Amino acid sequence: MPSTRGFSLFSRPSTTSSTNASSTNGSSNDNNIIGTQAASSSSSSNNDTGLRDMNDCDCDSDDDDGINNIANLNDIPSPSDLQRAVQDLLTEKKKLSQKLDTVSTRRKSLNLCLQALESRRDIHVSKLHSLLSSRHTTLSTLLSLQTLTSATADHHRSLLSLHPLNDTFNISHSGPFGTINSFRLGRLQTVPVEWAEINAALGMSCLLLHTLSLSLPHLTFSHYTLRPCGSSSHVSSSTKTYNLYSDEKFSIFGKRSLNEAVKGFLVCMHQAGVYVMEQDRTMSMPYELEVGKNNEVRVKGKKWEWGDLEEWTRVAKWVLCDLKWLVAFVGKHSG
């Protein structure tokens, strides 16, 4: 609000004031009036400028809104444009529908293929499981067979270490006597061995030589045939059979039948020895057998005939040694 001083400028001057005071106050008041008017004029000019600026801004914003509205009106499409746009959208929709149908058909086809593949997969998985089960069974069988083969090989090696003939016919000696399966073959004046034991030893020897002949291929006795029969064994020629045993009974012919049987036995043993030495030239019988006229056989130059008990017993021991040599040959080559 204007000050009272301002209003006092337009009031009437007081009549009671003195002249000096009036003059002094007059000059002062004049100055104040001039300053007040200058301030008023400046304030009013500023107010006028502000009003003009506001009016100018309002006019400018109104003009811009009008221009924008006119531009928006120009952007509105025409009905023909809208119709074409709708037609294009329908065409695009139709194409997309056709693509969708194609994709759906393709999807159904792929689903069918997938089902077929899954079915085939299930079949192959089933076959795979069957093959794996069969493989497991086969491996188990293979392991069993390998174990059985290993056990059989071990058993075979243990059997190879055995010597059936040597174990069956154990040839050894007991003092001056040669023995076969613990039966003594021979007799001395000081040691009168029973004929039952001598006959058993002769029967074992006959059986052993007969078994050896069966073990040696292509070996055939030409002049005599061995007929092992325990303590009552025989040796047969083409015309007669001789007893490879004896007893204490007296005979005017002595032990002729026994001697002929022993001679036939030695002839067969000589043929076996010749056959073996033909197969292996490095081998030779420890006590050589010699065959003379009328098939007379000598063992290391000695006849094996009943008479001199010591000589008969000694030759019998040599014969058993030759039999053991034949057993070793057969065991070596049969293994």
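Once both labels are positioned 7 Å from their Cα atoms along Cα-to-Cβ, the gap between Ser238 and Leu160 label points is 4.5 nm. Of the whole protein surface, Glu311 contributes about 50 Å² of accessible area at a 1.4 Å probe radius. Counting only lysines at least 8 places from Lys300 when in the same chain, those with an alpha carbon closer than 19 Å to its own are Lys263, Lys317, Lys324. Distance between the pseudo-spin-label points of Thr282 and Gln146 (7 Å out from Cα toward the beta carbon): 3.8 nm.
Distance between the C-alpha centres of the stretch 106-138 and the stretch 210-241: 74 Å, rounded to the whole angstrom. Full extension of the chain segment joining Ser215 with Cys229 gains 3.2 nm, where the gain is 0.36 nm per residue of separation less the Cα-Cα distance.
On the accessible surface of the stretch 125-257, probed at 1.4 Å, how many percent belong to carbon and sulfur atoms?
Details: 5110 of 8590 Å².
Carbon and sulfur together cover 59 percent of it.
Figure legend: label point modelled 7 angstrom from the Cα of Leu132 along Cα→Cβ; residues of the stretch 96-121 with amide N under 17 Å from it are 121. Can you tally the net charge around Leu185? Count Lys and Arg as +1, Asp and Glu as -1, for every other residue whose Cβ sits under 10 Å from the Cβ of Leu185. Residues close to Leu185 contribute a combined charge of +2.
Taking other residues whose beta carbon is less than 14 angstrom from the beta carbon of His129, and scoring Lys, Arg as +1 and Asp, Glu as -1, yields +2. Accessible area per residue was computed with a 1.4 Å probe on protein heavy atoms; Cys229 scores about 80 Å².
The values are calculated or read from the model by the stated rules, or taken from the named source; none is laboratory data. These numbers come from a predicted model, not from an experiment. For neighbour counting, all protein chains shown are included, and Cβ atoms are generated from backbone atoms with ideal geometry for every residue, glycine included. In case anyone asks, the SASA skips ligands and DNA or RNA and just uses the protein heavy atoms, side chains included. Shrake-Rupley method; radii C 1.70, N 1.55, O 1.52, S 1.80 Å.
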